[in-house]
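Single-structure report; data block below.
Each value in this text was obtained by applying a stated rule to the coordinates, not by laboratory testing. Just so it is clear, the structure is predicted and the values come from calculations on it, not from any experiment. Because the Cβ atoms are built from the backbone with ideal geometry, glycine has one as well, and the counts that use them run over all protein chains shown.
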Amino acid sequence: MDKKLGVYVCSGCGIGECVDKDKLVQIAREAQQVSVVKTSPAFCLEDVRVIRDDVAKDGVNTVVIAACSPRVNTDVFAFPGATIERVNLREQVAWSHPPGHEETQSLANDALRMGIVRAQKLKLPTPYTEGRERTVLVVGGGVAGLSAALGAAKAGAQVVLVEKEARLGGFAVKLGKQYPKHPPYRDLEDVGVDALVREAESCADIEVLTAAEVEGIGGEPGAFEVSVKRNGEARALRVGTVVWATGWRSVDASELERYGLGTLPNVITNVALEEMARAGKIARPSDGKAVTTVAILQGDGAEDETNIKYGAHVTHLVSLKQATYIRSLIPDSTVYVVYRDMQTPGQYEYFYKRVQEDAGVLFTRARVTGVSSGAAGRVRVDLADSPLGGAVQLEVDLLVLAAGMRPVSSESEGLNLQYLQGKGLPVSRYGFADSNFLCFPYETRRSGIYSAGCVRKPMDLAAAAVDGAAAALKAIQSVEKASAGASVHPRVGDLSYPSFFLQKCTMCGRCSQECPFGAIELTPGKDTPFVVTNRCRRCGVCMGACPVQIISFDDYSVDMVAAMIKAVEVPEGDEEKPRILVLACENDAYPALDMAGINRRELPASLRVVPVRCLGSVNAIMAADAFSRGFDGVLLLGCKPGEDYQCHFIKGSELLTTRMDNVRETLSRLMLEPERAQVMEVAISDFDALPKRLAEFVDTIKAVGPNPMKGF
Amino acid sequence: MPGVARPDLAFTREILGLGAGDLSSCYQCGTCSVVCPISTADNPFPRKEMIWVQWGFRERALANASIWLCHQCATCTAYCPRDAKPASVMAALREASITHYAAPAFMGRALADPRYLPLLLAMPVLIFLALLGWLGHLGSLPQGRIVFSKFIPILYIEGIFVAFMALAMLGALGGGVRYWRAMSRQMGGDGTGPQRALLPTVVTILRHRKFSECASHAPGERRTHKGHLHRTHLAVFYGFLGLVVTTTSVGIGIYAFGYLTPWPLWHPVKLLGNASGLAVIAALAVFAWRRIADGARAGKSTYSDWLFLTVLLLTTLTGFLCQALRLADLQRLAYPMYVVHLVLIFFLLVYIPYSKFAHLVYRTTAMLYAASRAPAAEAR
């Protein structure tokens, strides 16, 4: 289809007072494929009709709107059937630069030129709509899984619930009681999981498969191929999405060896005490004698890092609950609760206070210096650094250890993904399924698979119930998106996906390795890559990875960025007019630039901003292009990489840091100074400090001097 | 190095019952010690006392100078984030320590328990009735102008009070020594004897310096409800001292100069006595009113608080009544009122080592201990 561009230059919101719009109109008229150029004092008001008419009647199929940021007015500037390119003349020009200045005008000119060339290359993506299956598979029949199944069923989905054990209910079945979940948060409550189990079992839309295991999951959101083994028989299922809720286990006994677990018979974990409480008899394991003194150690000191990271905010409350068990079963008992940092978040503080009211429960903050065997089968606990003063010794009949809640590994059981990148879900630093914890907590790094309950983070029954239902809603969203060929978080609704120009592929496999979401597989026997479309989150990390640049999207490619770089007019022989290419991550950095404008902070006029989907999508060749076009510097603005990353695509920023080696190599090949290319971490909240940091970078570049390649 | 911890939860419950029921909500954050004017870096008072009570560490909590060095400014209670009312716990500890160190022990229990109140009152009542019976005044009142010494000669009263006050002094000495020894055991110390500390301590008490120091260290704007304490206690203290001086002067007047009572109202000693009595009554009225008005926020008052307050107030009031009835020449009322007044004085003074009045024994002991034998940091 022939391109027919309409360019619409808006002069509202201060744009007209800041730049010469006639100059912009002239630039637009001189560009290729442009059929109409129009201006308005406010295209977002009734004049939007002008654009709509041009699209509907005059055959304009590519709309370039030079006005406000692409982040705003997306509902107004939506013209079905046309591709839309937004040139940001408001936030990043008029609101952040001095009006009437020569450099401000050339910034606006370049922005329009870049927009027009990008528009010339834009294609309307054709969505992939092969994945239309909507059944929800829930793996794990505990409280989280049951809530997910019921939540999905109530929202109208068909659900298959797979549970490894012969009965539903999960760990909750083994509990005596649960700590209070309702006001006034004082008294223990019944677990009540039976009701949840019965509800799930009697729900017509939930197929319950107990004593069953998932043997394998392949395919993609909207079209997962699942094999479930039950009673020795394998059964094939087709589901649209998966909620993974296989729960937790206590940390290994070896983690708690220092507290005598395994060597002293009267040292037990909180899980063992739960069984005793459920049976109604708390006795010493060594001789079955009734207990009168019990100590509960939180194991939350500095030396317990491996224990506390698995849910101290839950296990502390469990300890309070267990103190209550013991006190109510054995009225003349004394219970010591030893902690380093008591965690009773939110309303549970009331429960803590309630347990404190019982004079038979003695609390102290302390460091445990030793656990040894005491007189008459008792356990001796030595404490130091306690507010009681000096060393304190306890002799107790029973020592209970608050054991951390380690998530069940997806690597060894539960999912068995048939993905090139492995059978499990990639995990974060603490072994939980990795996700952008703040922004999209339920997303895992396998699209369409959602973690819920204690596999996601340690939590109690109430939280797990909410978590399961929430994950179910995300799962339903994902099949809705998949059936329309659209992406889920963070590029929700994006219809584009990568395509491969395979004739030039060197079969290095890097794209399939670096994709944070395991979306790229290799054709068996040929080792050529292909994208499993609905797994893809459209971040473009593959595009950044490919050493021969054969991966592109209909509306985002290395070629497009190269054309935009080329469209910038680089002045020669003026040291006061450097040109710096800014590749700004669309998730945080680009909005931060907008916010600087909204707050009327002045940005350096020498920056030429190209938004990128993720720093991970930046191909080293983009920087090389910029330098060979005479740019004096390249700045990569994006999210924080590493263990506590902020990257919305998890690995993008981190991959860039390794690719920067290639960029520096390019610089040295071009005999340029390494300072010319830099990565700058920006969070969306950094807009205040950002202008100053950018100005400093410009000063650095000025100090280095002009790029000697200018004019070649 | 202490042995295995043996919590005495009966002690915990005892303290909880002495108006310190909110203690259980203490979670050892230490805010109280931050705001407390007498807390130091190596003596986090009253935070450590709070957990000692929670853990039933009776000895450590009671053999402790800090609880008596505290002058109940109640800043801790005002700032406690959990409303555990540390000041009330300290007051309860003081009350418990009076019972704990009482010599003989049964007197301590008797003053702490309302069931023994009739018995405690019966003792002076019976003593004075027996005396009146022996004097033959039970059935007939003396005629003529009212002169109380006609009813009960002063010599007999002196005899009774000297004998019983000697017992009370022994009791006070016994309690003070037991407290001192307990502190020496628990807290240790590396100072010298109390002789050198005596004078400065007495001066401190006379000047009420601790009250003013504590009150002037308020960390912020929160109301402690105890801001009046310095002035009110000063009034009651000097008022009471004035009454003691009055009584002593009257004794000297009678025995040394044969200047018999009643003395005229314009006499300087008489003026001092009346002014002092008024000061005491006014101060006690403030104390009582604040206990009622601020009870919910500043902490509950206990039996022992009210007993002391009531007895002191009634003693002073009946003194005034005696004088008024005498001047009004109402024989039938004046003489019986005089007996009531004597009974109350007996109750007030003879039971000093066991009632809340014992604070003059234990607080002075604690101040002497702190001034003379600063305990080593370790022992605290």
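What is the total of Lys pairs in chain B with C-alpha atoms under 30 Å apart, excluding same-chain pairs fewer than 8 positions apart?
Step by step, the pairs that qualify in chain B add up to 17.
Under 5 Å between amide hydrogens, which residues at least 5 positions from A:Phe363 or on another chain qualify, with H placed 1.01 Å from N in the peptide plane?
Sorted by chain and number, the residues that satisfy this are A:Val337.
State the antiparallel share, in %, of DSSP beta bridges confined to chain A, rounding to the nearest 5. Let's see the in-between values first.
Working: 39 of 105 bridges.
Rounded to the nearest five, the antiparallel share is 35 percent.
Using just the helices of the protein assembly as shown, give the 222 nm mean residue ellipticity in deg cm²/dmol: DSSP H runs with n ≥ 4 each add -39,500 (n - 2.57), and the total is spread over all residues, rounded to 500.
On the way: 37 runs with 458 residues, N = 1092.
Here the helix-only value at 222 nm equals -13000 deg cm²/dmol.
In degrees, nearest 10, range 0 to 90: what is the angle between the Cα axis of helix A:690-704 and the longest Cα principal axis of chain A?
On a 0 to 90 degree scale, this one is about 60.
Quote the charge dipole size of region B:9-101 about the Cα centre in Debye, to the nearest 20; the model charges only the Cβ of Lys and Arg (+1) and of Asp and Glu (-1).
Details: 8 positive and 7 negative charges, 15 e Å.
Dipole about the Cα centre, nearest 20: 80 debye.
Can you give me the long-range amide H partners of A:Gly374? Hydrogens built in the peptide plane at 1.01 Å from N, cutoff under 5 Å, separation of 5 or more residues or another chain.
Amide H neighbours of A:Gly374: A:Val379, A:Arg380.
For the protein assembly as shown, give the magnitude of the charge dipole about the Cα centre (Cβ charges: +1 Lys/Arg, -1 Asp/Glu; no others), in debye to the nearest 20.
Working: 115 positive and 106 negative charges, 862 e Å.
Value, rounded to 20: 4140 debye.
In terms of Cα to Cα distance under 18 Å, which lysines are near enough to A:Lys181, apart from those fewer than 8 places away along the same chain?
Partners found: A:Lys321, A:Lys353.
Summing +1 for each Lys or Arg and -1 for each Asp or Glu, what net charge is found among the other residues whose Cβ lies under 14 Å from the Cβ of B:Ser212? All intermediate terms of the calculation are to be shown ahead of the outcome.
On the way: positive: B:Arg207, B:Arg209, B:Lys210, B:Lys226, B:Arg231; negative: B:Glu213.
So the environment of B:Ser212 carries a net charge of +4.
DSSP loop (so not H, G, I, E, B), at most 12 other Cβ within 10 Å: list which trypsin sites (Lys or Arg not before Pro) in region A:301-352 pass both filters.
Passing both the DSSP loop test and the Cβ count: no residue.
Please list, in order along region A:188-203, the HN-Hα scalar couplings obtained from phi with the Karplus expression 6.51 cos²θ - 1.76 cosθ + 1.60 (θ = phi - 60°), rounded to whole Hz, x for Gly and Pro.
For region A:188-203, the Karplus curve yields 4, 10, 5, 5, x, 6, 4, 4, 5, 4, 4, 5, 5, 5, 8, 7 Hz.
Straight-line reach from A:Lys21: which lysines have Cα under 19 Å away, leaving out those fewer than 8 places along the same chain?
A:Lys38
Report ³J(HN,Hα) in whole Hz for each residue of region B:58-65, in order, from the Karplus equation J = 6.51 cos²θ - 1.76 cosθ + 1.60 where θ = phi - 60°; Gly and Pro get x.
Listing the rounded values in order: 4, 4, 5, 6, 8, 7, 8, 5 Hz.
Would you work out if region A:4-72 is rounded, prolate or oblate? Take a ≥ b ≥ c from the square roots of the eigenvalues of the alpha-carbon gyration tensor; rounded if a/c is under 1.5, else prolate when a/b is larger than b/c, oblate otherwise.
On the way: a/c = 1.95, a/b = 1.23, b/c = 1.59.
Oblate, because a/c is 1.5 or more while a/b does not exceed b/c.
Report the calculated FRET efficiency for A:Arg600 and A:Glu696 (r = Cβ-Cβ distance, R0 = 22 Å), to the nearest 0.05. Kindly include the intermediate steps, with their values, before the conclusion.
Values: r = 20 Å, r/R0 = 0.90.
Once the sixth-power term is evaluated, E becomes 0.65.
For a quick check, take a GNM of chain B with Cα springs below 10 Å and name the residue from B:Pro353, B:Pro262, B:Pro118 with the largest mean-square fluctuation.
Among B:Pro353, B:Pro262, B:Pro118, the largest GNM mean-square fluctuation belongs to B:Pro118.
Using only atoms on other chains, find how many Cβ atoms lie within 10 Å of each Cβ of peptide A:349-361 and report the average.
Values: counts 2, 0, 0, 3, 6, 2, 1, 8, 6, 1, 14, 4, 2.
Average neighbour count from other chains, rounded to a whole number: 4.
Among B:Gly176, B:Val340, B:Pro118, pick out the residue whose Cα is farthest towards the positive end of the charge dipole of the protein assembly as shown, where Lys and Arg carry +1 and Asp and Glu carry -1 on C-beta, about the Cα centre.
B:Val340
Which residue, B:Leu131, A:Leu273, A:Ala605, has the largest displacement toward the positive end of the dipole of the protein assembly as shown when charges sit on each Cβ (Lys, Arg +1; Asp, Glu -1)?
B:Leu131
Relative to the longest principal axis of chain A, what angle (0 to 90°, nearest 10) does the C-alpha long axis of helix A:348-357 take?
20
Taking the Cα centre of chain B as origin, work out the dipole magnitude from +1 charges on Lys and Arg Cβ and -1 charges on Asp and Glu Cβ, in debye rounded to 20. Kindly include the intermediate steps, with their values, before the conclusion.
On the way: 35 positive and 17 negative charges, 52 e Å.
Around 260 debye, computed over chain B.
Quick one: which residues, 5 or more positions from A:Arg235 or on another chain, have an amide H under 5 Å from its amide H? H modelled 1.01 Å from N in the peptide plane, none for Pro or chain starts.
Here A:Val228, A:Lys229, A:Arg230 satisfy the definition.
Over 20 Å between Cα atoms, which of A:Lys3/A:Lys123; A:Lys121/A:Lys577; A:Lys164/A:Lys423 qualify? Please list the in-between numbers first.
Working: A:Lys3/A:Lys123 9 Å; A:Lys121/A:Lys577 29 Å; A:Lys164/A:Lys423 18 Å.
Violating the 20 Å limit, Cα to Cα: A:Lys121/A:Lys577.
Angle, helix A:21-30 long axis vs. longest principal axis of chain A, Cα atoms, 0 to 90°, nearest 10?
80
Among the lysines, which fall within straight-line cross-link reach of A:Lys154, defined as a Cα-Cα distance under 22 Å, with same-chain neighbours fewer than 8 residues apart omitted?
A:Lys154 reaches A:Lys474, A:Lys481.
Please name which of B:Thr302, B:Phe237, A:Val532 has its Cα lying farthest along the dipole of the protein assembly as shown towards the positive end, using unit charges on Cβ (Lys, Arg +1; Asp, Glu -1) and the Cα centre as origin.
Selected residue: B:Phe237.
Sorted by average packing, counted as other Cβ atoms within 10 angstrom per residue and highest first, what order do A:14-22, A:566-574 take? Intermediate values should be presented prior to the final figure.
Working: A:14-22: 17.6, A:566-574: 14.7.
In decreasing order of mean packing, A:14-22, A:566-574 become A:14-22, A:566-574.
Residue by residue through region B:20-29, which ³J(HN,Hα) values in whole Hz follow from phi under the Karplus form 6.51 cos²θ - 1.76 cosθ + 1.60 (θ = phi - 60°), with glycine and proline marked x?
In residue order, the calculated couplings are 10, x, 7, 3, 4, 7, 5, 10, 6, 6 Hz.
How far is the Cα center of region A:457-523 from the Cα center of region A:302-351, in Å?
For region A:457-523 versus region A:302-351, the Cα centre distance is 39 Å.
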